[in-house]
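The values are calculated or read from the model by the stated rules, or taken from the named source; none is laboratory data. All values reported here derive from a predicted model rather than from experimental measurement. Because the Cβ atoms are built from the backbone with ideal geometry, glycine has one as well, and the counts that use them run over all protein chains shown. What goes into the accessible areas is simple: the full protein's heavy atoms, side chains included, and nothing from ligands, DNA or RNA. Shrake-Rupley method; radii C 1.70, N 1.55, O 1.52, S 1.80 Å.
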Amino acid sequence: MVVSSSVDPLATPVALVAGRDYPRTYRELVEMFPDYTACAAYLERLRWPAGFVCPACGRAAAPWRQTRGRLVCPSCRHQGSATAGTILDKTRTSVTTWFEAAWHVTTAKNGLSAKTLERTLGTRYRVAWTMLQRFRVAMVRSERERLSGNVEVDEILVGGVEHGGKRGRGTAKSVVVIAVEVLAPKGFGRLRMRHVPNASGTNLLPFVCDVVAPGSTVRTDGWDGYNDLPKHGYMRQKTVLSSSDDPAHVAMPGVHRVASLLKRWILGTHQGSVTPDHLQSYLEEFTFRFNRRASRSRGLVFRRLLEQAVTTGPVTEADVTHGYAW
């Protein structure tokens, strides 16, 4: 579609619905974003809320607008677009299809499998699968705050059923370490998860240091892998489950509640077909959903996902084919 150089999408208000700049229903989505021009204008506002800033020279100035949605910096003549440098960069899928995919991904209560998204959008399976993987990368904010307060940390095992194999931390299943804030007097806060090679301290301690703010109280079981937490500025509250009168789900309710929801989600939405190479991507999607479970509007979650999509660098199909390098 040719965009007239006299039209400035940043100066033209996005079609608002009751004062909102995000839809609440699928019908509103179609009305607000009927074509490329409307989608590009919305992405520009999310990417440059204070006005266009050239990604090459960093100068803030109104761009020259040319055909095919090109934005030209008046200072350095750099050519770009609303999608250049984002996860939508150089995609052959229409932007309206990306918006529709983002809507279905964020509004479906338990998310969508790639097969379901394929049928919903009418695309090829590979296209739907790659779109989902790219959205999962965008769901992680690089500047997200670390957990604080009282934080439960424990590991769980994720994978298929094996008969006659090892049990516990020595099994061949995938090990996922979970950290979740425990609120007072009840309830849970934010969540972080990571797929680790094994449950040794060399993997557990870096995870805690990355996702939990120093000075927090970290509740763990009696596993030796957490022994050095006080050396890193954390207060460890240890519960040896084997000598405790309470079962594990009572002593550490947060981790076990999350573990139960995660396994049910993998088995229900994705039929348990999550390989170790892609497990971290699914964990990030689950974390994104869990941390926004109290949102009053799914449309607002849709907006948040697009906000993060335009601030996330390009992700190619090759980057996600064999597992994204988290």
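Report, please, the projected area of the chain averaged over directions, based on the convex hull of its C-alpha atoms, in nm².
Dividing the Cα hull surface by four gives the mean projection, 19.6 nm².
Per 0.36 nm of contour for each residue apart, how much would the distance between A56 and D210 grow if the chain were fully extended, relative to their Cα-Cα spacing?
Result for the pair: 52.3 nm of gain on full extension.
Report the charge-dipole magnitude of the chain in Debye, nearest 20, computed about the Cα centre from +1 at each Lys and Arg Cβ and -1 at each Asp and Glu Cβ.
500
Which FRET efficiency value, to the nearest 0.05, is calculated for H322 and T25 with the Förster distance at 41 angstrom and r the Cβ-Cβ distance?
0.60
Quick one: of the DSSP bridges fully inside the chain, what percent are antiparallel, nearest 5?
So the antiparallel bridges in the chain amount to around 70 percent.
Okay, helix-only estimate at 222 nm for the chain: each DSSP H run of n ≥ 4 adds -39500 (n - 2.57), divide by all residues, round to 500 deg cm²/dmol; what do you get?
Value at 222 nm, helices only: -10500 deg cm²/dmol.
Would you please give the residues with an amide H less than 5 Å from that of Y234, counting only those at least 5 places away or on a separate chain, with H modeled from the backbone geometry?
So Y234 has HN proximity to G215.
Determine the alpha carbon to alpha carbon distance for each of K109/K186; K186/K238; K90/K263; K231/K263 and list only those over 29 Å.
K90/K263; K231/K263
Helix 125-138 versus the longest principal axis of the chain: what is the Cα-based angle in degrees, 0 to 90, to the nearest 10?
80
How large is ³J(HN,Hα) for each residue in region 308-324, as worked out from phi by the Karplus curve 6.51 cos²θ - 1.76 cosθ + 1.60 (θ = phi - 60°), to whole Hz, x for Gly and Pro?
Karplus values, whole Hz, x for Gly and Pro: 6, 5, 7, 10, 9, x, x, 10, 8, 5, 5, 5, 10, 4, 10, x, 5.
What stretch of the chain, leaving out the sites themselves, is the longest with no GluC sites (Glu not before Pro) in a DSSP loop having at most 10 other Cβ atoms within 10 Å?
Answer from the scan: 146-326.
Just to be sure I understand the model, the point goes 7 Å from the Cα along the line to the Cβ. What's the resulting D89 to K186 distance in nm?
My value for the distance between the label points is 4.8 nm.
What number comes out for accessible area per residue over region 190-326 if the probe is 1.4 Å? Units Å², please.
So region 190-326 comes to 49 Å² accessible per residue, rounded to a whole number.
Could you give P(r) for region 104-149, binned at 10 Å from zero, as whole percent values over all Cα-Cα pairs?
Going out from 0 Å in 10 Å bins, region 104-149 shows 25, 43, 21, 10, 2 percent.
Along region 75-84, what does the Karplus equation 6.51 cos²θ - 1.76 cosθ + 1.60 (θ = phi - 60°) give for ³J(HN,Hα), rounded to whole Hz, x for Gly and Pro?
In residue order, the calculated couplings are 8, 9, 6, 5, 9, x, 7, 5, 9, 5 Hz.
Measuring from label point to label point, each 7 Å out along Cα→Cβ, what is the T311 to W64 span in nm?
Here the answer is 3.1 nm between the modelled labels.
Ignoring ligands, DNA and RNA, what percent of the accessible area of region 182-295 is carbon or sulfur (1.4 Å)?
54
Amide H neighbours of V212 under 5 Å, at least 5 residues apart or on other chains, H built in the peptide plane: list them.
HN-HN under 5 Å from V212: L147.
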